[in-house]
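A short write-up of the structure that comes next.
The values are calculated or read from the model by the stated rules, or taken from the named source; none is laboratory data. The model shown is predicted, which means the values in this text are computed figures rather than measured ones. Here the Cβ positions follow ideal geometry from the backbone for every residue, glycine too, while neighbour counts run over all protein chains shown. For accessibility, only protein heavy atoms count, side chains too; no ligands or nucleic acids. Shrake-Rupley method; radii C 1.70, N 1.55, O 1.52, S 1.80 Å.
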Amino acid sequence: MVWRWRTSRTSWFAQAFISGGWSLRMMALNSENYISGWQYQESPPTIQCIIERALTCITKLERKELSLVGASRTDSGVHAWGQVAHFVTPFTYDSLESLHAAVNGLLPREIRVREIGPTCPEFHARFSTKSKIYHYKIYNNAIMDPFQCQYAYHSVHKLNPEVMREAALHFVGKHDFSSFANASHNDRLPNPVKEIFRFDVVEMGHMLQLEVDGTGFLFRQVRNMVALLLQIGREALPPDIIPEILAARDRRALARYALSAPPHGLCLMSINYDTELLKLPAGSPAISFGRTHTVSKCKLPFY
């Protein structure tokens with residue numbers, strides 16, 4: 001199966017993979033209130049670990065047989081509305097609704113699978129990715145909205161959105177982002193050259209939403225870019241500091257001006273693939289978006 005995660009819903013997709021079996025893709029969401037990121041870890045349990053436990057309970061397969069792979073290894077504290085993952089099962093299904101309901105029934109309320117469906121054999125949740133979209137929310141007011149505190153960073157300093165927009169344009173294009181990447185033991189010689197297609201600063205009342213769309217991102221790259229934009233929005237730094245830091249290709253160049261922004265304001269919104277890879281194989285079951293329940297007649301009297 002392949003999973004795709006989103007912080008508000010989840011989905012799975014399945015495909016014919018081997019004779020008598022399936023490879024499934026799922027779209028999932030999670031709210032990082034206490035879970036320690038995506039990458040597999042048993043203590044404290046991560047999202048991948050929790051999902052694998054649910055799958056092994058339902059399918060009776062070992063985790064090596066499932067081969068669950070996530071598209072993006074979100075850090076601890078980061079939310080996801082559009083995560084994608086895939087896994088393999090030797091079983092075939094006429095319908096995926098029962099499997100979908102069973103998985104969600106075993107997951108904690110902070111994690112949900114939005115969809116499950118078939119996918120072609122060439123699909124790979126991580127390596128087939130064309131682009132990823134992240135949003136970072138900043139609540140810019142003297143008093144924090146308690147209903148936003150788990151999903152937005154609180155900035156008591158008055159920010160200048162126009163200056164932040166001007167600065168964000170320096171990130172657009174293909175650059176070496178070595179200055180904006182933290183070291184990670186999970187990455188094996190990552191390519192520091194990434195392309196950003198857009199970096200928008202959207203005003204929504206007291207909320208500023210920073211939206212970045214790119215081919216991929218280095219470890220903590222988005223949070224480091226946001227941290228520098230916060231300093232520029234406070235007008236403590238000029239917008240043209242960004243090309244200077246990019247050219248340095250050294251994390252220490254950024255460290256002189258800003259630390260990483262907190263993780264809880266960041267959310268993985270979507271992961272994009274070639275449409276040909278998302279076509280359902282012939283003879284496969286329909287995508288499951290979850291069951292809905294209806295009541296034909298109210299059994300309680302109205303007063």
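Nothing charged except the Cβ atoms of Lys and Arg (+1) and of Asp and Glu (-1): what's the magnitude of the dipole of the stretch 161-235 about its Cα centre? Round to the nearest 20 debye.
Details: 8 positive and 10 negative charges, 65 e Å.
Dipole about the Cα centre, nearest 20: 320 debye.
What FRET efficiency do you get for Asp176 and Glu276 if R0 is 22 Å and r is their Cβ-Cβ distance, rounded to the nearest 0.05? Don't jump to the answer; show the numbers that get you there.
Working: r = 31 Å, r/R0 = 1.40.
Taking R0 as 22 Å, the efficiency between Asp176 and Glu276 is 0.10.
Dipole of the chain, Cα-centred, from +1 at each Lys and Arg C-beta and -1 at each Asp and Glu C-beta, to the nearest 20 debye?
Details: 33 positive and 27 negative charges, 115 e Å.
The calculation lands at about 560 debye.
Can you give me the convex hull volume of the Cα atoms of the stretch 129-192, divided per residue and expressed in Å³? Don't jump to the answer; show the numbers that get you there.
Working: hull volume 10.2 nm³, N = 64.
Looking at the stretch 129-192, the number lands at 160 Å³ per residue.
Report the dimensions of the stretch 220-275 along its three principal axes from the alpha-carbon atoms, largest first, rounded to Å.
41, 24, 18
May I ask you to evaluate 6.51 cos²θ - 1.76 cosθ + 1.60, the Karplus curve with θ = phi - 60°, for each residue of the stretch 109-114 and list the ³J(HN,Hα) values in order in whole Hz, giving x for glycine and proline?
5, 6, 10, 9, 8, 7
Counting residues in the stretch 48-148 as N, plug N into 2.2 N^0.38 Å and put the Cα Rg over that result. Intermediate results must be reported in sequence, preceding the final value.
Numbers: Rg = 16.5 Å, N = 101, 2.2 N^0.38 = 12.7 Å.
Here the Cα radius of gyration is 1.30 times the empirical estimate.
For the stretch 193-301, which whole percent of the accessible surface, found with a 1.4 angstrom probe, sits on carbon and sulfur atoms?
Details: 3150 of 5820 Å².
C and S fraction of accessible area: 54 percent.
Using the crude model of +1 on Lys and Arg Cβ and -1 on Asp and Glu Cβ, and no other charge, please compute the dipole size for the stretch 69-210 relative to its Cα centre, in debye to 20.
200 debye
Could you rank the peptides 152-161, 219-228 by their average count of other C-beta atoms within 10 Å per residue, with the highest value first? Display every interim value, and only then the final one.
Details: 152-161: 16.1, 219-228: 24.0.
Per-residue mean Cβ counts within 10 Å order the peptides as 219-228, 152-161.
With every protein chain kept in place and ligands, DNA and RNA left out, what is the accessible area per residue of the chain? Probe 1.4 Å, answer in Å².
Working: 14920 Å² over 303 residues.
Heavy-atom SASA per residue in the chain reads 49 Å².
Post the alpha-carbon centroid distance, the stretch 202-268 to the stretch 109-133, in whole angstrom.
27 Å
Of the options Ala71, Ile196, Pro243, report the single residue whose Cα projects farthest towards the positive end of the charge dipole of the chain (beta-carbon charges: Lys, Arg +1; Asp, Glu -1).
Going by the charge dipole, the pick is Ala71.
Would you kindly compute the Cα radius of gyration of the chain and its largest Cα-Cα separation (Dmax), both in Å?
That works out to 21.0, 72 Å for Rg and Dmax.
Can you give the relative contact order of the chain as a percent, counting alpha carbon pairs under 8 Å and 6+ residues apart? Don't jump to the answer; show the numbers that get you there.
Values: 804 pairs, mean separation 73.6, N = 303.
This gives 24 percent for the chain.
With each run of n ≥ 4 DSSP H residues scored as -39500 (n - 2.57), what mean residue ellipticity at 222 nm is computed for the chain after dividing by its residue count and rounding to the nearest 500 deg cm²/dmol? List each step's numbers first, then the result.
Values: 7 runs with 61 residues, N = 303.
Value at 222 nm, helices only, nearest 500: -5500 deg cm²/dmol.
In the stretch 75-158, with Lys and Arg counted as +1 and Asp and Glu as -1 at Cβ, which of these residues, Pro146, Tyr93, Ala80, has the Cα nearest the positive end of the dipole, that is, farthest along it?
My answer, from the dipole projection, is Pro146.
May I ask what percent, to the nearest 5, of DSSP beta bridges between residues of the chain are antiparallel?
90 percent
Considering amide H positions built from the backbone, and no H for Pro or chain starts, which residues 5 or more places from Arg198, or on another chain, come under 5 Å of its amide H?
Amide H neighbours of Arg198, under 5 Å, 5+ apart: Asp213.
Using the Cβ atoms and a cut-off under 14 Å, what net charge is assigned to the surroundings of Leu66, where Lys and Arg are +1 and Asp and Glu are -1?
Details: positive: Arg25, Arg53, Lys60, Arg63, Lys64; negative: Glu52, Glu62, Glu65.
It works out to a net charge of +2.
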